[in-house]
Amino acid sequence: MFSDKKARRRSVLKGAAATAALGATGLYAPAVLSQTRKFEGTTINGAAFSHTFSAHVRDLIPEFEELTGITVNFQDQAFPVYNQQADLELSTGGSALDFVNITFIFSGRWIGAGWMHPLDDFINDPEMTPADWNPGDFAGGAQASLQDADGNTYGFAWEAGAMIMSASRSDILDEAGVEMPTTFDELVNVCDAIHNKDGVAAFVADKLHHWNWIPYLMGFGGKVFKDPPGDLTPTLDTPEAAQAAEFYANLLSSYGPEGVLSFTDEQALNAQLNGRANIRTQAIAWHTPLANSPDSKVKDSVRFALMPGGPAGNFPGSNSHGWGIPVGSKNKEAAWEFIKWVMSPDVQRRIAIDQGYSAVTRRSIIESDAYKTQMTFGGQDVASLYLQVLELGGKSGYMKYRTVPVFPQIGDKINKAIERVATGQQNGADAMAQAQDETISDFRKAGVEMDL
Amino acid sequence: MRNGCDLTAAASDIALVRGRSKGRSFDRTQRLFYWYCLLPALLVLGVITLLPTIYLILVSLTPLDLTRPNTWWNFSNPTLNYELLLEDRRFHNSMWVQAKLSFWTVLLQLVLGFLFALLLNMRSSLLQALRTVFLIPMVLPPIVVAIIWKVLYTPDISPFYWAFKAFGWSVPALITDPNWALTAIIIADTWEWFPFTMLMILAGLQMMPQEYVDAARIDGASPFQTTLFITLPFLKGVLLVAGLFRLIDSIKAFPLIFILTEGGPGTVTEVTNYYSFVQAFSFSFLGFSSAITVVMVAATLILSWIIIRLVGWGGEDG
């Protein structure tokens, strides 16, 4: 009887222990397991513009598919092509895409028009997002353009772009006896000294002038808008804008390789990788391949610096691009699984440290020793350059001009104006005055109130 | 006898009237039959052509902007887009660029098409074999043609530029030079489409009776005179149709401009349909873009009508 009771008690205790253990694990493990394969058989479609980060993501997709059973169709296209197609798709509220890159210059437009799905419900649901995913780990500056005025989150930044300068063939600078330029005047002098030495063009840039030119505009004391985002009166017809346009157009036409005005990002990068063009001012992700890409022929000669400043100061561009979910997507939860996975601390660390991606957005990675080591090239601490630019951009908020909903309209006018000046069709003042007139006309169509 | 004649005449009159009546009835039945046959095709045509056109015109009367939902079906100021077009310098420039592009591409394609058709019309087995080769550019997808020319025009990857460099010649990048960019588009478009005009003219040439040429030769006409006074007038209709096709197609030129220049440098190669595309798909101004398109459709119709009135369709007397 006793033994029976004892045995029964043991059985009960064992059973209770087993139940408790199952219960304890059941609170976590089954949820994780069910989450992992919850969307098995689902196909999600995503798109972004071509970038080194997109290439890393593409390489990692099979791992995600293996883990979750979700099939990912991912396409990346040239920057302007992607933006145009995504803009059209989002404007129709279509369901063709389940996750997209929210391009910096379109963030205000896409989020403001209600074309992106808010992610807060996903983030705040522990069933969907574990606490250790830690959304607070993303750099605040990089996340700013992916949130609305009420603080709702529509995306997570995969790039915190910071504009720096590189010289792919610093040996030519050394031979010419010149240093990396720190001011606009020095930049011209250096270009003069090194242009076409050893068949290498002194300066190269891609054709996205409304990104590349703005730091020069601000360096001369000009602005794009009167006081963005509140007052969107364009200010392109100022003497400072005309001066900046002529300065930058001269860099392109006098020191650029033949055909530079049609260069895409990839062409400009290739010109540097192959040592055919020397100096470039652009976001950091387009510079670090010069030091760590297997295709680079300039690994030993590349040098990095802050981009030069003008009479009014130094305004290197900073931006961020992030993953978001279109409001029309029919697979929002599966898309969130993908975004959550690709932006997880582990995958981000692997992309940053193992693959050498520089423009990472998780603070825990930026501040890690491994990242600092990764970002040190030939004794040059590029990580500190990166942080300096991010701080400059965040301090005065001079990048606010870029996320207003009507930026695509004014960006187009800037591109055209710089091309007209660089090809000698107009002088800076006339080109910028025309850009101003055309922008005002387009803003009227868009219903923008201006102080004219 | 007279009565008999009268009766016969009356009978024949009645038969004639009945015959006419039967004939008219037959004609009417035949016409109805044709209409019944045509009706499904006309209905389909109306749905796929007429309705979108009506919708386009309606949208052009609104300030439709995809980022502002309140602009849908807002007809409060229906002429606004057209008023804006009147003062839009970039639109005016695009029309002028379009005119230059259309003029030169149509002219060059007709001239080259005619010359190559004359060449290929000669009785030679080599030339017969070459016909297919000449057709290749025309059957390539337009985007492939654009990429081919993008490679050829881009100095750092172009075999032409490598050759120029090897000879020590400095040649500007055509697609970024404002003096050459439009010419670069014209060259690429002509390369792509002269085989079309060549093919049509060649078909026309093969329809031409040899007697015309023989008679001219007997009268002592030189080959040049034969071409000028016999062949060209005979081909008038074919040339007009080929020219009209190419004119209408030149107004639709898009892939070459999108891939090669994006309308630049500045707006040197920005034709009207590219400008309309930018307004619609870069800025979401669908109302304004529709107004541009309506103007383009109207201009094309008017231009085609004028050309047909001026030149005529050619025909048997041609």
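Numerical summary
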| read-out | value |
| --- | --- |
| Extreme residue, most open to solvent (accessible area, probe 1.4 Å), among residues of the stretch A:394-425 that are without any contact (Cβ under 8 Å) to a residue 60 or more places away in the chain and within 8 Å of chain B (Cβ to nearest Cβ) | A:Gln425 |
| Residues that are within 21 Å of A:Asn83 (Cα to Cα) and crowded, with 19+ Cβ neighbours inside 10 Å, drawn from the stretch A:118-146 | A:Pro118, A:Ala142, A:Gln143, A:Ser145, A:Leu146 |
| Qualifying strands (runs of 3 or more DSSP E) (wholly inside the stretch A:172-255; at least 1 residues being closer than 23 Å to A:Ser301 by Cα and either polar (S, T, N, Q) or in contact with a Phe, Trp or Tyr (Cβ under 8 Å, 6 or more places away or on another chain) (or both)) | A:201-203 |
| Extreme residue, nearest to the other protein chains (Cβ to nearest Cβ), among residues of the stretch A:426-452 that are in contact (Cβ under 8 Å) with a residue 40 or more places away in the chain and buried (at least 22 other Cβ atoms within 10 Å of the Cβ) | A:Ala431 |
| Only listed residue being assigned to a helix (DSSP H, G or I) and within 14 Å of chain B (Cβ to nearest Cβ), chosen from A:Pro62, A:Pro80 | A:Pro80 |
| Count of the stretch A:376-393 residues which are out of contact with any helix residue (DSSP H, G or I) (no Cβ under 9 Å at 6 or more places or on another chain) and free of Cβ contacts under 8 Å to residues at least 60 places away in the same chain | 1 |
| Selected residue (only one of B:Thr300, B:Thr293, B:Thr272 is over 30 Å from A:Gln426 (Cα atoms), assigned by TED's automatic domain parsing to the domain that holds B:Asn179 and among the β-branched types (Val, Ile, Thr)) | B:Thr300 |
| Matching residues, the stretch B:84-99, being in a helix (DSSP H, G or I) and open to solvent by less than 70 Å² (accessible area, probe 1.4 Å) | B:Leu84, B:Leu85, B:Arg90, B:Phe91, B:Asn93, B:Ser94, B:Val97, B:Gln98, B:Ala99 |
| Some residue of the stretch B:200-222 being open to solvent by 40 Å² or more (accessible area, probe 1.4 Å) and touching a residue at least 40 places away in the same chain (Cβ under 8 Å) | yes |
| Residue match in the stretch A:236-251 (condition: crowded, with 19+ Cβ neighbours inside 10 Å, under 19 Å from B:Leu152 (Cα atoms) and out of contact with any Pro (no Cβ under 8 Å at 6 or more places or on another chain)) | no |
| Complete set of residues in the stretch A:28-42 that are modelled with pLDDT of 90 or more and open to solvent by less than 60 Å² (accessible area, probe 1.4 Å) | A:Phe39, A:Thr42 |
| Yes/no for B:Leu244 being crowded, with 16+ Cβ neighbours inside 10 Å and either over 26 Å from B:Ile185 (Cβ atoms) or within 14 Å of chain A (Cβ to nearest Cβ) (or both) | no |
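The values are calculated or read from the model by the stated rules, or taken from the named source; none is laboratory data. Everything quoted here is computed from the prediction, not taken from an experiment. A quick note on method: Cβ atoms are made from the backbone with ideal geometry, for glycine too, and the neighbour counts reach across all protein chains shown. Note: areas computed on protein heavy atoms with side chains; ligands, DNA, RNA excluded. Shrake-Rupley method; radii C 1.70, N 1.55, O 1.52, S 1.80 Å.
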